[in-house]
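Just below is one structure, and these are the notes that go with it.
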Amino acid sequence: MTGRIAQPDDAGIAEAVALLRAESVVAFPTETVYGLGADAFSHRAVGEIYRLKNRPSWNPLIVHVATVEAARELAADWPINAEKLAAAFWPGPLTLVVRRAEHLTGVGADNDTIALRIPAHVVALRLLAASGLPLAAPSANRSEGISPTTAEHVLRSLPDVPLVLDGGPSSWGIESTVLDLTTGVPTLLRPGALALRALRDVTGAIALRDTETVDGTARPSPGMSKRHYAPRATLILAKDVRDVEVDGPAGVLTYEGADLPGAEILSADPREYAADLYAALHRLDDSGVPTILVQEPPQTEDWLAVRDRLGRAAARTDLK
């Protein structure tokens, strides 16, 4: 079976809803990246997500809902910080981890939590409303690969997805920020599109995880694996890519201000850089180069999410 791209008009949405209600999967756009959606509480449908992505069973999924009320219904309790953050940032690129309602099965971490968000994309919201389903939706690509920010990226990585709704390029271009609200102080599980500064304005202090999650163990959020977001080519991070010697041709990715002829040059603004990062990595990877050299971004908090993605993309899992 080969998938196809459809416009998100009434006919496309209706076809997508029919697939979802039949416990199949549909790829759809969000403002962060394209997601591979399925009925969050159908074991069969969620199993299809894991099969198509070749995703490890211990890596949980984020559940997308249409309204704050729908999110509350999936939670065992809804802390005051959840109410404040939802009011401030939903719909938007923020995922909240809360205690999962006891009656729910089918998706979530191997504990009693659930990760929830309302996406800020008109197509995603139309699909959620039309289907009436909470949708589990990780990024629509093979596990560990570069996240997709266009419909074409999805089909190149997952050609067997039956339908991809085309909503154009994702505006943020990087995954949501994930905040754990089951801890005494809200804890950052995954840096993402939404800056910590904005979150602190609402919650006050935010704790950072001080230990790395070991692959193969349960975790409350996706995006915590050692290797993730990686191209097929070997990705090497360096303060000065001109100092790196490689065998064969190499693609180069840097940001404005660097004098590197032939390089992919992205914005020196961290949000604009993040929005173009995955698309640039796709272009370099599709060129067939065996190596991609990436100039390390600045060591400031504003670049935290970008540094996280590039560090995981460069990680080697075959080294002990």
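A compact table of results
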| item | result |
| --- | --- |
| For segment 261-310, average projected area of the Cα convex hull in nm² | 3.6 |
| Rounded FRET efficiency, nearest 0.05, which uses the C-beta distance separating D240 from H43 and R0 of 56 Å | 0.65 |
| Relative exposure of H153, H121, judged by other C-beta atoms within 10 Å (fewest first) | H121, H153 |
| Order by protection proxy (mean Cβ within 10 Å, highest first), peptides 40-49, 172-181 | 172-181, 40-49 |
| Over the chain: helical MRE at 222 nm, DSSP H runs n ≥ 4 each giving -39500 (n - 2.57), nearest 500 | -8500 deg cm²/dmol |
| Unit charges at the beta carbon, dipole of segment 234-313: most positive-side option, G257, V294, G311 | G311 |
| Crossing angle, helix 80-89 versus the chain [Cα axis fit, 0-90 degrees, rounded to tens] | 60 |
| Normalised contact order of segment 234-313, rounded percent, pairs of Cα under 8 Å and 6 or more residues apart | 42 |
| Per-q log10 I(q)/I(0), the chain, q = 0.07, 0.14 Å⁻¹ (Debye; single scatterer per alpha-carbon; no solvent) | -0.26, -1.07 |
| Separation of the A76 and Q7 label points, Cα + 7 Å toward Cβ, nm | 4.8 |
| Acute angle (nearest 10 degrees) that the helix 122-131 long axis makes with the longest principal axis of the chain, alpha-carbon atoms | 30 |
| Relative contact order of the chain, defined on C-alpha pairs under 8 angstrom at six or more residues apart (%) | 21 |
| √(5λ) per eigenvalue of the Cα gyration tensor, segment 7-51, largest first, Å | 18, 14, 7 |
| Cα centre as origin, Lys/Arg/Asp/Glu Cβ charges: the chain dipole, Debye | 620 |
| Residue order, fewest to most surrounding Cβ atoms within 10 angstrom, among D302, D77, D285 | D77, D302, D285 |
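Values quoted throughout were computed directly from the atomic coordinates according to the rules given, and no laboratory measurement underlies them. The shown structure was predicted, so the numbers you read here are calculated from the model rather than taken from an experiment. Cβ: placed from backbone, ideal geometry, glycine included. Neighbour counts: every protein chain shown.
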